[in-house]
Amino acid sequence: MSIAVTRQDDVVIRFAGDSGDGMQITGNQFTDTTALVGNDLATFPDFPAEIRAPAGTRAGVSGFQIRFSSTDIYTAGDIPDVLVAMNAAALIVNYKDVAPGGIIIANTGNFTERDLQKAKLATNPLEDGTLDGYRVIAIDINARVTEALAGSPLTSKDVLRCKNFYVLGLMYWLYSRPLEPTLEWLAAKFAKKQDLADANRTALRAGYNSGDIHEVFQGRYEVVPVENALPGTYRNIMGNHAVALGLVAGAELAGLKLFLGSYPITPATDILQHLAELKEFGVITCQMEDEIAGICTAIGASYAGMLGCTTTSGPGLALKTEAIGLAIMTELPLVIVDVQRAGPSTGLPTKVEQADLLQSLFGRNSDAPLPIIACATPADAFDCAVEACRIAVQYMTPVILLSDNYIANGAEPWRLPEMDKLPHFPAAQVTDPAGYAPYARDGKLARPWAVPGTPGLEHRIGGLEKEHITGNVSHNPENHQLMSELRRDKVLGVRDTIPTPEVSGPREADLLVVGWGSTYGAIRSGTERLRRERNVSVAHLHLRHLWPLANGLDEIFARYKQILVPELNMGQLSRLLQGEYPDHRFLHYGKVKGKPFTAREIREKITAVLEGKS
Amino acid sequence: MSAVQLTPKDLKSDQEVRWCPGCGDYAILNATQAALAEIGVPREKMTIISGIGCSSRFPYYMGCYGFHGIHGRAAAIATGTKTANPDLSVWVVTGDGDAMSIGGNHLIHTMRRNVDLKILMFNNQIYGLTKGQYSPTSPAGLKTKTSPFGSVDLPFNPINLALGSGATFVARTVDTNPKHIKSTLLAAAAHKGVAFVEIWQNCVIFNDGAWKDWSTKDARAERTIDLQPGQPLVYGKDNEKGLRISGGEVEVVAAADADVWDPTTAAPLAYVMAYLDEREDLPHALGIFRQHDKPTYDAAVKEQVDALTAKKGKGDLKKLIYTKDAWQVG
């Protein structure tokens, strides 16, 4: 009997299991294959802070959500159509999110009495009516994998560890995906461990074949490639990887070598790891003794003529504060990447929040201005990293690039830049002693970059206030006023090299939704759908440059009756905008649950605001 | 490099030196300028990097490149500079508070990594720039503004800390003996790897005479011993006394029976010499405690970059971005 294949446009799958069950690998494999199929996609990994939280417990549940579509999408989806629950805890933590009538695939092998106890369940949710209204596919995946791998030289424990590939195979069957990309990945991954490669291949194929053999599904689905995608070359990219590539590109476009001084911190560490691989690009990575040393080595490297960079998350940014001031005072180029996470203090290290904006703007002693930019999506992180390098080099200033945990670990198809269209911004390191002065300034108010080793330009810099032009230490009151104004004006001058952002949606409307960072997808998706389906008068403006703010925003704000600012914090951009544009009123909409906005939340808020209920 | 010959004057900047009259820093500055003039490095390749404190004003007075950093971070900044350009001769100037208190973490890690930096730590056992508070090297019981009834902190022994951190060159000198400073700095400059040099320095205002029992000319002869490679461990006005180490104990012997000092030994004799500080009956040690050859951090970093570049070819940005898993649309 052949099983019918139904076409779907837009699917959300959530893989959920124990943090040792390999759900992140499963999700990433499904993502890579789906990218090759040509669907648009967005992913949302959601895992506990502990590497291996107690097995089988609710706290140990690790999830990976992927949305894939035949059309352009902006978020990883609000509501899963399919939940794969590898154990009882994963089921109970996630089932409520699934769409009514949605598919729940449960691994009954991990619903024993003991599993139920660990998940704090009095009764079995597969049997007690909890899942009424869902299409439950109960499969003893443990038993199936053990069967499939009979005769494998692996221990029975290792055999069971292949169950994620069984599930992956089943999902490939259900959504008509090819096995080849994963088979190739396994061959490369386990090139030196043939037993593991064979076992996982067998499990993958067994899962795939089970779809046909066991007839537990009434039909299969396909999600055809996006038809109207912009022409170009694409690859799948995660945000941290994109930042790393953008920094390498930015340094090259500046004609410099990249130096990264860093200290491991979730969720920024991947950037250090990626860059540590790229020695043939002349990239130097130093894993230092602490966050402060990370930035201080970067400052020392910039002083010596490299493009210094440091990567961190919120708590680390706090530690780097004083050194950022030194970079501002010495006017050296420096890129500081903050992959934000939920806080304060250690907070929720693996959960998303965008609450370091005000820290980035104001979290230093005295008046210490610097440019700040924020990336909106994983692919956008590449362009933003290049832009951060440009500003740092052209303006001789530290720049903060804000990413966050959702962007860092999320993936999307990246339309690769045309290499000859990337901007070039060669750094001008001076060598001519004639007329050289350490704190003379060019048209952008940037001071000349004279690097140790250059004969005749020997000079001294440091954290003490510098005399205008000469750079000598100065305690003169008028000079401090002047230098403070120059530092401010130099950073404000960045405005002249950034475009006014474009509004998505009508030029004038009842409501403008202003966002920054990773809320892009939810806001874009929410506003488009309200316009399309309900003809709501709403537009979306997304800010990449958070300091200085682009020219022309005032005129944009004036064209809308109300302005709503959704943020994953308690009110930061809204406060900044309220201060900068006091003639307009900015309505804050915050969420601090360690999770991104859903498009539905954005839609509901917009509706409430327009109905005067908020 | 040998062609470069500077005079101490070449290494003076045009800035007025602003330490207190009588400060030990003057003698150290002069001796440093005299030493650096002779190390065969052109001015533009010398960089002095400092933290915060009286000593850390040093870069402003030197006629080479200089970076006055922030409190405690000089070693980290200098690690970045030296790693970015191993061709530079990078000197860190710091004090006991800057290096061993707020900057303690960077100091120990810089030493264990063997970054090819020359670290001069001026030790006056007091916070001078903040006007007289006890430091991590102040002796217990010292009465200062923040320890009016005597400090209850126990101090670091800087030499022991450096030895324990794995520094490959560890030495000590004193501001009352410019010739000794100069020879010590020349030895530090010649060493490939991190050099930690403690310099006993007198703060004439807030801790005057802290070292006087060892630092005056007469005291030096009777109460210090100069550790020099290949030289016997002798001291006294006429070098009539000697030290011999046996069974982990140090004993005073006739000069003729003294051990010969070898800072390259793997035996833990440098620690024994550092512990002389705690002995009233024995001289304190100056000179070179340890001199070991080990690969330097900055060279190792460069070697990896060079080796990988040779192996893979110079990185191609387009290939980095356009990977084989990319796909075409349209």
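Each reported figure results from applying straightforward, stated rules to the coordinates on display, with no laboratory input. Remember, predicted model here, so these are calculated numbers, not experimental data. Cβ placement follows ideal geometry from the backbone for every residue including glycine, while neighbour counts extend to all protein chains displayed.
At a glance:
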read-out	value
Where N is the number of residues in the protein assembly as shown, Cα Rg divided by 2.2 N^0.38 Å	1.10
Estimated vicinal HN-Hα couplings, Hz - region A:556-564 in sequence order (Karplus 6.51, -1.76, 1.60; Gly, Pro = x)	5, 4, 5, 8, 10, 6, 9, 10, 10
Under-28-angstrom lysine pairs by C-alpha in region A:479-614, whenever the two are 8 or more apart or on separate chains	10
Per DSSP, loop trypsin sites (Lys or Arg not before Pro) in region A:483-573 with at most 14 further Cβ within 10 Å	A:Arg507, A:Arg559
Rounded to 5, the percent of DSSP beta bridges in the protein assembly as shown classed as antiparallel	35
About the Cα centre, charge dipole magnitude for chain B (Lys/Arg +1, Asp/Glu -1 at Cβ), debye	1320
Gap separating the Cα centres of region A:469-507 and region B:86-109, nearest whole Å	33
Sequence-distant residues sharing a close amide H with B:Val115 (under 5 Å, placed H)	B:Val194, B:Tyr297
Over region B:228-288: Kirkwood hydrodynamic radius from C-alpha pairwise inverse distances, Å	11.7
Filtered trypsin sites (Lys or Arg not before Pro), region A:114-166: DSSP coil and at most 11 other beta carbons within 10 Å	A:Lys120
Point-charge dipole on Cβ atoms (K/R +1, D/E -1) for region A:477-586, about Cα centre, debye to 20	440
Helix-derived mean residue ellipticity, 222 nm - over the protein assembly as shown, DSSP H n ≥ 4, -39500 (n - 2.57), to 500	-10000 deg cm²/dmol
Lysines with Cα under 18 Å of B:Lys318, excluding same-chain neighbours fewer than 8 positions away	A:Lys257, A:Lys279, A:Lys421
Exposure proxy ranking, count of Cβ atoms within 10 Å, fewest first, for A:Thr34, B:Thr296, A:Thr297	B:Thr296, A:Thr34, A:Thr297
Percent of alpha-carbon pairs separated by more than 14 Å within region A:466-520	71
Relative intensity, log₁₀ I(q)/I(0), of chain B from a Debye sum that treats every alpha carbon as a point, q = 0.10 Å⁻¹	-0.60
Order of A:Glu418, A:Glu458 under a 10 Å beta carbon neighbour criterion, fewest first	A:Glu418, A:Glu458
Value of relative contact order over region B:228-288, rounded to a whole percent, pairs C-alpha under 8 Å and six or more apart	30
Rel. contact order, % - alpha carbon contacts under 8 angstrom, at least six apart, region A:235-421	29
³J(HN,Hα), Karplus 6.51/-1.76/1.60, whole Hz, each residue of region A:87-94, x for Gly, Pro	7, 5, 5, 4, 5, 5, 6, 10
Mean Cα-pair separation over length for chain A, i.e. relative contact order, pairs under 8 Å, 6 or more apart, %	12
Given B:Lys12/B:Lys118; A:Lys192/B:Lys324; A:Lys193/B:Lys294; B:Lys12/B:Lys314, the pairs whose alpha carbons are separated by over 30 Å	A:Lys193/B:Lys294; B:Lys12/B:Lys314
Gap separating the Cα centres of region A:59-135 and region A:409-434, nearest whole Å	44
Region A:194-294: GluC sites (Glu not before Pro) in DSSP coil with no more than 10 other Cβ atoms inside 10 Å	A:Glu215, A:Glu227
For region A:509-610: rounded, prolate or oblate by the Cα gyration tensor [a/c cutoff 1.5]	oblate
Net charge, A:Leu179 excluded, C-beta distance under 12 Å - Lys, Arg +1, Asp, Glu -1	+1
Shape of region A:235-421, Cα gyration tensor, a/c cut at 1.5	rounded
Region B:276-330: radius of gyration over Cα atoms, expressed as a fraction of 2.2 N^0.38 Å	2.61
Beta bridge orientation in region B:42-188: antiparallel %, DSSP, nearest 5	20
Net charge of Cβ neighbours under 12 Å - reference A:Leu357; Lys, Arg +1; Asp, Glu -1	-4
